[in-house]
Ligand code: PMP
């Protein structure tokens, strides 16, 4: 039985009050709250089996290594990766994208080569490419959006030429909520022999992600956006491709043999995991994904779809509200502006009423520029949110905007 009231009991933080008002947490696209099973996993790992992993001959080290590798296998199963060695643990989406930008471009890109991004990208999927482009003399091309906040696929297709090496796009926009047609994007790129990295930071909490079905070459996501702790994330990459890339960082388990004459590197996935990995974070991430599986991804999706459509309908009823991003395929987040009121003022006053929303450019300044606005108010949902909270939010928004008008 899927019951949001029961689910809420799993998240101890949700029952607290803020300024003496019940907390309404609508900032889930920034980070999600953590269920007891995840908190207990972290506590349990440090209380009963903490030891540095790999190469340890002793009991605790072997146990911790086994848990870390089991976590990898579970993540692989969750995203339907054919082989656990294709799951690289990173600090999050940002680090995963930096890894690909550096290693892929080092191996496959030369002066004048081109990379395709889109106008809706998070800074984490822009700046790593700019850094490497500057170093190697590469060119970035940017897919435009249509009026609904969707990728203009005709424009996308027109950007390819013989110099295009990789496409890097979000699965779901953290501002607009648009769900991009990844399968089509991949098919078009692959027909032209171009690889695709997908930034799945905003997809993994809401959608079923099957990397084989999507046929992506790389897929990146963060644990903290899917009920796991901060500091752990994943880069999935096709084994054959990862094997061709040079290491990103050096040290720790990524080596095979080190000498001052030269060093050889370990096999996948260790080649890309320099230094002590977050072996507690990895097991907590697997626990969070198990929690999602137990809830049933279809149930989660259905519930969040209802929240999204109810909020959209309630916002549309309000005078002066303009929703930013009106694709019919959306997930997780709604952005809006109200008349000429500054989003920050709305966010500040909502906070005083116990409601956490995010305001500003949402780390997507190029998108704001293309929309001709400085920022939005964003509400974003998780599985524990309710329609009652939306009613509380709408009433509060009406009060706040009346005060600010
Ligand atoms: N991409 C998108 C679409 C995001 O929403 C975020 C987080 N706001 C990131 C990348 C970066 O994620 P992280 O900070 O966890 O690395």
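Bear in mind these aren't lab numbers, they're just calculated from the coordinates by the rules spelled out. This is a predicted model, so every value here is computed, not measured.
A few notes on this one:
- Springs join every pair of Cα atoms under 10 Å in this Gaussian network model of the chain, and among 177, 261, 110 the largest mean-square fluctuation is at 261.
- Cα shape, the stretch 335-405, gyration tensor, a/c 1.5 rule: oblate
- Contact order relative to length of the stretch 39-293, as percent, for alpha carbon pairs under 8 angstrom and 6 or more apart: 24 percent
- Taking every C-alpha pair closer than 8 Å and separated by at least 6 residues, the mean separation divided by the residue count of the stretch 34-142 gives a relative contact order of 17 percent.
- Normalised size of the chain, defined as Cα radius of gyration per 2.2 N^0.38 Å with N residues, equals 1.01.
- GNM flexibility winner over the chain from 151, 315, 60 (Cα, springs under 10 Å): 60
- Folded to 0 to 90 degrees: helix 297-316 orientation relative to the chain principal axis, Cα: 40 degrees
- In percent, rounded to a whole number, the relative contact order of the stretch 1-74 is 18, using alpha-carbon pairs under 8 Å and six or more apart.
- Gaussian network model of the chain, springs between alpha carbon atoms under 10 Å - residue of 157, 69, 253 with greatest fluctuation: 157
- The chain - share of DSSP beta bridges that are antiparallel (%, nearest 5): 60 percent
- For the stretch 321-376, average projected area of the Cα convex hull in nm²: 4.3 nm²
- Angle in degrees between helix 182-191 and the longest Cα principal axis of the chain, rounded to the nearest 10: 40 degrees
- Quotient of Cα Rg and 2.2 N^0.38 Å for the stretch 208-274, N being how many residues it contains: 1.34
- When both the stretch 324-361 and the stretch 362-386 are represented by their alpha-carbon centers, they are found 7 Å apart.
- Helix axis angle, 387-404 relative to the chain longest principal axis, alpha carbon, degrees: 70 degrees
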